[in-house]
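None of the figures in this text is laboratory data; all of them are computed from the coordinates on show. All values reported here derive from a predicted model rather than from experimental measurement. Note that each Cβ is placed from the backbone with ideal geometry, even for glycine, and that neighbours are counted across all protein chains shown.
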Amino acid sequence: MAQHDGAYPAPPPRGPDGAGAERPAARDPAHDPAHGHASGQAHGQGLGRDDAADIPAADPALIEAGFNLIQQALTIFDAQLRLVGWNARFTEMFDLPPELVRRGARFEDIIRFMAERGEYGPGPVDEIVRHRVERARAFEPHYFERDRPNGMTISIEGHPLAQGGWIAVYTDITHYRRQERLLRARSEDLSEQLLAHSANLARANRELAAANAALIETQRALMRSEARARLATETTPAHIAYVKRDYVYRYSNKRIEAVLGPGAAPAEIVGRPMPQVLGAEVFDKIRPALDRAFAGEQTRCAFQFRRADGEEAEVRCVFTPVREPDGAVRGVYILSLDVTEESRAAAALLQSKKMQAAAQLTRGLAHDFSNLLTVILGLQGRILDAGPLPDAVRDAAERTRAAARRGAQLIDRLSSIAAEREQRRARVDVADLLNGLVEIFAPSAPPGVSITRDVPAMLPPAWLDAGQLQDAVLNLLLNARDAVAARPEGPEGGEIMIAAAVADGQLSITVRDNGPGFDPEARERAFEPFFTTKGRNGSGLGLSMVYGFAQGAGGELTIRSAPGAGAAVTLTLPLGAPDEFERIAPGPALPAAIGGLALVADDDPELRRMVRETLQEAGWPVLEAADGEEALELARRVEEVGLVVSDIDMGPGMSGVELAERLTALRPGLGVILTTGLPPDAPERRRARGRFATLDKPFAAEQLRALLARSATEPA
């Protein structure tokens, strides 16, 4: 089909375009000179003469109303490039004056008007018009996309007509482009496969929308022969059918397998009842909406079902009633689309947003609780260092400090689970990690479920990505929890066990449950992305993420299960060795000779006080600042500042890392200690790594004193 405005590629460097003419409100498609719609009866494949008599002749008013409801813009030009058909959406989309859009208007005049208005960007108008007219006369099929000056992104699809001329369909795809960019921007943890699925889905949706619009326009406005109707309907990826009140198919474009899956329906469905073709389950799901269409209402519905190949699918249907001249509904056209991939991509994006929200919430909690625990540890240290204490008081102080340190470990684990992490391997105490995860997981188990563990305390360390290992094991525990909750007799009496062992340099971690287990098909497809047995309650990403981690670490993931006999999922990983992986250098020591005043920057006044008192006890005069801006100003005014102790995260404004960078650039040799409750792989910690000494919150006073002692500090 010839490419035209909104339909043809522009000369480089501009992108392709093909602006057809817009149409005003639809009029009599056969006689009105201001309207190019052509009426006629479209017959689908498998539609005989007797059946054709059952389908009413096209009513001009009905066609006009139908064209005005189409969301895509449509144009039809004849072999002499004269406008013979258009719809209201065309004139609205390109803002064309009614006197320009008329029956017989020349393609060249419409292109020139739009070029003079800047629709195709800068360049000689005559050259732009000549290029598009030449391409239009080629009458070649085409599909492309372009960005308009008003910020709208449109797709253009055109097809030549057998008797000469062409039809073009313009679709606003701005929303899909934005959704695609949003998915890519916010889903860093999603696999490349998910991104590819999203891109393919967006492209398929655009192509489907263009094909569907072309089909409707062709069937109701232009197609005057059975051959042209068959050509249009057989090339669309949607199933289109016509049924009467007896629920028997009178027409089908033979694309039902594209929606229901291979082998889901007979090869020829015309003349067969819908329940026989679709099955009772699917027919019962769409029948309420279909019956409303027979009552005269245009309806929609979406439903989920399991295809013959076992895949969960989602289908969206539109039911359009066909009326007799007296208004009675004689039949219903059905348009059915497979929207499985679209729904999965939307669910994946939602899951990504939830993970981002969880990470943000956990980060805030970790920061605040770390500050509180640091103050508690500091005060406990001062109590224990104050001198001889009664045994009961000393015991209470020691137990309080131990509880605070356990709280610090819990905060650290929560932060590690939700934080964004880079891939890195380090020494992992497997027993400690697994026991800590069970403590976090246990409160989420349903009442009556027992949780046991077989984790030897003397397990050798492993060299793995601790954050990914935590995520993997937590996914297995959550799957086991959901399994026992789904037992026919209820979760009461459910059992979950986690076990770990080492053999031949391999670490194996097994999570068992006495839930319903996996059937053979579910066990076969368990590691596929998006496959789930939980219906809408599952994302289908859990086991696939664990499997990806196992593969990346050089291990494997296996499932042992049978229906009704529970399941045991085993994660096997190589222990590794320190020299196999890149070591992460520790933070640098403080400069060898620092002195003068100490400057403490923290937004928490109690924490500032604890740090100030510790420094003062070590002989340092101390200045205080509540944020980075105040600390920078103090350091500029007071030249005697030789040491800065700053929190990394001080709320809005300058971070501790930025403060350290600006101060060390201003005063080389300045001593810097950064304190933080952020997880090791948080962006600000990565920015500080290897450049500034770092002290993890919560910390005790003796830890700060020990860090100061690593260099030859010289307090004033």
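Evaluated with a Cβ-only charge set (Lys, Arg +1; Asp, Glu -1), segment 238-338 carries a dipole of roughly 280 debye about its Cα centre, given to the nearest 20. Sorted fewest first by neighbouring Cβ atoms within 10 angstrom, Met152, Met650, Met497 come out as Met152, Met497, Met650.
As a proxy for reagent exposure, ranking Phe139, Phe90 by other Cβ atoms within 10 Å from fewest up yields Phe139, Phe90. For a test of the definition: using alpha carbon positions, the gyration tensor, and the 1.5 limit on a/c, classify segment 595-715 as rounded, prolate or oblate. Verdict is rounded for segment 595-715. Pull out a ≥ b ≥ c, the square roots of the eigenvalues of the alpha-carbon gyration tensor of segment 238-338, then state rounded if a/c is under 1.5, prolate if not and a/b is larger than b/c, and oblate in the remaining case. Verdict is prolate for segment 238-338. Between the residues Val282, Pro266, Tyr249, the greatest Cα displacement towards the positive end of the dipole of segment 238-338, with unit charges on the Cβ of Lys, Arg, Asp and Glu, is found for Tyr249. On a C-alpha basis, how far is the centre of segment 647-698 from the centre of segment 427-441 in Å? Whole number, if you could? About 29 Å separates the Cα centre of segment 647-698 from the one of segment 427-441. Rounded to 0.05, the FRET efficiency of the Asn200 and Glu268 pair, given R0 = 35 Å and the Cβ-Cβ distance, is 0.70.
The shape of segment 245-284 comes out oblate: with a ≥ b ≥ c from the C-alpha gyration tensor, a/c is at least 1.5 while a/b does not beat b/c. The Cβ shell under 14 Å around Ala138 holds other residues with a net charge of +2, Lys and Arg each +1, Asp and Glu each -1. Each of Val101, Gly121, Ala138 was placed along the dipole of segment 100-143 (beta-carbon charges, centred on the mean Cα), and the one lying farthest toward the positive end is Val101. Fewest neighbouring Cβ atoms within 10 Å first, the residues Cys317, Cys301 line up as Cys301, Cys317. Dipole magnitude for segment 595-715: about 500 debye, using +1 per Lys or Arg Cβ and -1 per Asp or Glu Cβ, origin at the Cα centre.
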